[in-house]
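One structure is given here, and the rest of the page talks about it.
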Amino acid sequence: MEGGKDFKWHLTAIVVVGIWGMTFISTRVLIENGLTPQEIFLLRFLIAYVGIWFISPRTLLCRTWRDEGWMLLAGVTGGSLYFLTENTALEVTLTTNVAFIVCSTPLLTMLLARLFYRSERATWRLVCGSLLALLGVGLVIFNGNFVLKLSPLGDVLSLTAALCWAFYSLIMRQVADRYSTVFITRKVFFYGVLTILPAFVVRPWQFPLEAFARPAVWMNLLFLSVLASLVCFVVWNFILKQLGTVRASNYIYLNPIFTSIGALLFLGEPLTPVALLGAACVLCGVYLAGKK
């Protein structure tokens with residue numbers, strides 16, 4: 001990974017993905033406390049949206065309606081639809097299925113970038129590194145217990161979530177040079193909140209307000225909204241601009257490693273030698289794919 005400047009952004013990408021890897025544990029705790037996936041997402045993005053106004057430009061709209069449309073799509077693909085499909089998939093299929101399929105996002109991003117941008121080259125390092133990392137992801141997720149149960153609905157929802165994030169990365173490429181990163185992130189939060197509201201027509205709010213007094217609820221909500229959303233979304237959009245869509249997306253392969261570490265520390269879930277081998281494959285694959 002060349003150059004001091006690029007090294008800084010590679011390291012930052014690892015930190016951001018590490019934080020995102022811990023969000024699964026926080027989400028699981030909140031679900032166990034009675035919050036539904038859509039309630040978690042609404043609170044997460046709503047708090048982040050309020051917070052970002054303290055650092056965001058006061059401009060309300062983009063310069064053109066076409067750009068406003070791109071922001072709407074970013075709010076859907078990187079916000080409401082992504083989180084709704086991923087979290088709903090967790091309710092109808094195995095967690096291992098969801099985690100493995102969603103971690104195909106970097107490969108999908110590479111294919112879509114190659115399709116829409118002829119200048120985007122899929123080098124042998126990038127392809128081989130991505131495949132090696134994906135193999136490692138499978139070893140980490142299944143953790144020596146190879147159980148794969150087909151669930152058409154859950155698997156389709158997981159694939160939809162992966163496609164959403166891939167399209168979100170490409171949309172960021174469209175608008176990154178015309179608007180500030182903080183402004184873009186604020187618009188993503190706004191349209192994410194706006195487009196999740198119809199889901200409450202199908203599944204109305206049910207979490208009691210007095211339950212917010214529980215430390216497990218408000219502490220995990222603050223982690224998800226302030227650190228994992230407000231801070232990490234802003235920083236990630238900077239990373240996409242500095243490293244490029246495809247190279248930055250490869251760091252998503254590290255997500256299961258941090259989730260497994262968090263599960264070991266906070267949930268007591270063991271790590272097997274197979275998972276450690278998978279972690280080594282992921283690290284080697286990400287390094288190979290990250291080299292120019």
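The values are calculated or read from the model by the stated rules, or taken from the named source; none is laboratory data. Every value quoted in this text rests on a predicted model; they were computed, and no experiment measured them. Using ideal geometry, Cβ is built from the backbone for each residue, glycine included, and neighbour counts are taken over all protein chains shown.
Only one residue in 276, 265, 227, 209 is without any contact (Cβ under 8 Å) to a residue 60 or more places away in the chain, surrounded by 14 or more Cβ atoms within 10 Å (Cβ to Cβ) and over 20 Å from residue 102 (Cβ atoms), so which one is that?
Values: 265 fails: surrounded by 14 or more Cβ atoms within 10 Å (Cβ to Cβ); 227 fails: without any contact (Cβ under 8 Å) to a residue 60 or more places away in the chain; 209 fails: surrounded by 14 or more Cβ atoms within 10 Å (Cβ to Cβ).
After applying the criteria, what remains is 276.
Quick check on the range 231-244: of everything there that is of a type outside the set (A, V, I, L, M, F, W, C) and assigned to a helix (DSSP H, G or I), which residue is modelled with the highest pLDDT?
Residue satisfying both the conditions and the ranking: 237.
Could you tell me whether any residue of the range 150-161 is within 16 Å of the chain's Cα centre (by Cα), of a type outside the set (Gly, Ala, Ser) and modelled with pLDDT under 90?
Checked the range 150-161: at least one residue is within 16 Å of the chain's Cα centre (by Cα), of a type outside the set (Gly, Ala, Ser) and modelled with pLDDT under 90.
Which ones in the range 245-273 are touching a helix residue (DSSP H, G or I) at 6+ places or on another chain (Cβ under 8 Å) and either outside any helix (DSSP H, G or I) or at positive phi (or both)?
Answer for the range 245-273, where residues must be touching a helix residue (DSSP H, G or I) at 6+ places or on another chain (Cβ under 8 Å) and either outside any helix (DSSP H, G or I) or at positive phi (or both): 269, 270, 271.
Given the range 15-108, what helices (runs of 4 or more DSSP H) lie entirely inside it while holding 1 or more residues that are without any contact (Cβ under 8 Å) to a residue 24 or more places away in the chain and among the aliphatic types (A, V, I, L, M)?
Passing ranges, in order: 37-52.
For the range 97-139, enumerate the residues that are surrounded by fewer than 18 Cβ atoms within 10 Å (Cβ to Cβ), of a type in the set (Val, Ile, Thr) and either within 18 Å of residue 283 (Cβ to Cβ) or at pLDDT 75 or above (or both).
Selection gives 127 alone.
Which count do you get for residues in the range 222-248 that are hydrophobic (A, V, I, L, M, F, W, C) and within 16 Å of residue 187 (Cβ to Cβ)?
6
Residues 225, 229, 180: which one is among the polar types (S, T, N, Q), more than 30 Å from residue 274 (Cα to Cα) and out of contact with any helix residue (DSSP H, G or I) (no Cβ under 9 Å at 6 or more places or on another chain)?
180
Applying the selection to the range 44-55, what residues are out of contact with any Leu (no Cβ under 6 Å at 6 or more places or on another chain) and within 15 Å of residue 23 (Cβ to Cβ)?
Hits for the range 44-55 are 45, 47.
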